[in-house]
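Engineer: Below is one structure. I have some questions about it.
The values are calculated or read from the model by the stated rules, or taken from the named source; none is laboratory data. Not measured: the values here are computed from a predicted model. Reconstructed Cβ throughout: ideal geometry from the backbone, glycine too, with neighbour counts over all protein chains shown.
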Amino acid sequence: MADATFNWKQCFDQISPNLVLYARQLTPSAADAEDVVQMAFVRWWRRFPDGDTENVPLLYAAVRTIALDQRRSDTRRVKRESASEIALSHENAPIFDPALETKEAAVIVTQSLAILPEEQREVVTLKLWGGLTFQEIATALGISINTAAGRYRYALNTLQKHLAPMKDDLLGEPNHPPKNLLNFNMTKEAFL
Amino acid sequence: MNDNDIESLLTSLSPARPSALLSQRVDHELELDLSWARAPKKKTPRWLSPVMWSSLGAAAAVVIMSAQPMAQVGGGTGSVAFQETASVMPMSTIREVVDARDEGIQYNELSRLPEQHVKLVSLERHAWTDPRNGAHFTVEVPYEDSVVLPVSFQ
């Protein structure tokens, strides 16, 4: 039994950040996203207790189904929020790990993702952070593989247009490190 | 800024870790019903599924072919009709070359290239047996085939 518990925890630790990130594309808050991930993961693990990666696309599909169901029942959310202050406390929690060197990029990317239509944002999240193939995305979302690839392409084009003016800040030139990285180095040198 | 730049920029960001409370809630919910932990793992190997489908297809083909009556055995010019009954079992089908006649080199009318013409005479023997009384049935079908071989002069 201890082995089984260890297995689900190991699997959950690995996959839950990506699941929550995906759920947050479909839900209004971090608390809602975590609720959705909890329900989806429990259902999925009871069905596939071996945690085979082959079934991970089904887990994302479960997250989606539950998120969409939850969105329909507004009353449930209102009731839960009134009962939980924790939910309100991380309503606007960052969707990316706020590491020092990527903090600025994380804010910009979060804002850029927000301008994408939901269906494109879903595909980008599943592809880049979920690590799913277009075939798996198509199955999870119930769309054709061409539609999935097309949405991904449109999303990248939009992001490219939106992020291009901030290219130097985000990527940095070989001779000109990003501003935040430069500040970090200067601070470091000051201490040395 | 190309697609690769965008993709590497996005993937360089790690999704935020969920709250510790979430893991506890999942743990609690999974412990409420531990039937999943006791259930035997019925993991089917990945390769088994295509094998099962192909064997199913092969079995279907065998059923269809065995359902068709063997109305005609042999073919070509000397076709022989033999109605196989349930009591008669096929034993063998042998084809042996009896004679080969070289008809020499001829030139093709269209391509004007040399060809060697050979006439092959063969005999096909079909044998059946009736297990009830040990009777043997043999049918011989003569064949004559014209074979054309390309020739190159070197």
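Engineer: Mind checking which residues of segment A:18-32 are surrounded by fewer than 20 Cβ atoms within 10 Å (Cβ to Cβ) and closer than 17 Å to B:L21 by Cα? Talk me through it step by step, then tell me what you get.
Structural biologist: In the first step, residues of segment A:18-32 are kept if they are surrounded by fewer than 20 Cβ atoms within 10 Å (Cβ to Cβ); the result is A:28-29.
Correct list: A:S29 only.
Condition check ((1) exposed (fewer than 13 other Cβ atoms within 10 Å of the Cβ); (2) over 18 Å from A:L19 (Cβ atoms); (3) modelled with pLDDT of 85 or more; (4) away from every other protein chain (no Cβ under 13 Å)) across all residues:
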{"position": "A:D69", "(1), (2), (3), (4)": "yes, no, yes, yes"}
{"position": "A:E81", "(1), (2), (3), (4)": "no, yes, no, yes"}
{"position": "A:L116", "(1), (2), (3), (4)": "no, yes, yes, no"}
{"position": "A:V123", "(1), (2), (3), (4)": "no, no, yes, no"}
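Engineer: Search segment A:29-49 for residues being in contact (Cβ under 8 Å) with a residue 40 or more places away in the chain and of a type outside the set (A, V, I, L, M, F, W, C), and hand back the single one that is nearest to A:F96 (Cα to Cα).
Structural biologist: Initial filter on segment A:29-49 (in contact (Cβ under 8 Å) with a residue 40 or more places away in the chain): A:29-32, A:35, A:49.
Filter once more, so that each one left must be of a type outside the set (A, V, I, L, M, F, W, C): A:29, A:32, A:35, A:49.
On the way: A:S29: 14, A:D32: 17, A:D35: 18, A:P49: 28 Å.
Selected residue: A:S29.
Engineer: Do you know which of the residues in segment B:17-32 that are facing chain A (nearest Cβ under 7 Å) and not aliphatic (A, V, I, L, M) is surrounded by the most Cβ atoms within 10 Å (Cβ to Cβ)?
Structural biologist: Here the residue is B:P18.
Engineer: Of all the helices (runs of 4 or more DSSP H) wholly in segment B:1-40, which have at least 3 residues that are out of contact with any His (no Cβ under 9 Å at 6 or more places or on another chain) and of a type in the set (A, V, I, L, M, F, W, C)? Spell out the reasoning first.
Structural biologist: Working: elements: B:3-11, B:20-32, B:35-38.
Filter on segment B:1-40 gives B:3-11, B:20-32.
Engineer: Related question: For residues that are more than 20 Å from A:L21 (Cα to Cα) and not in a helix (DSSP H, G or I), scanning just segment A:44-66, find the one that is farthest from the other protein chains (Cβ to nearest Cβ).
Structural biologist: A:F48
Engineer: Hey, any hits in segment A:147-155 for a residue that's over 19 Å from the mean Cα position of the chain (by Cα) and modelled with pLDDT of 90 or more?
Structural biologist: First, the residues of segment A:147-155 that are over 19 Å from the mean Cα position of the chain (by Cα): A:147, A:150.
Adding the requirement that they be modelled with pLDDT of 90 or more leaves A:147, A:150.
So far as segment A:147-155 goes, yes, one or more of its residues are over 19 Å from the mean Cα position of the chain (by Cα) and modelled with pLDDT of 90 or more.
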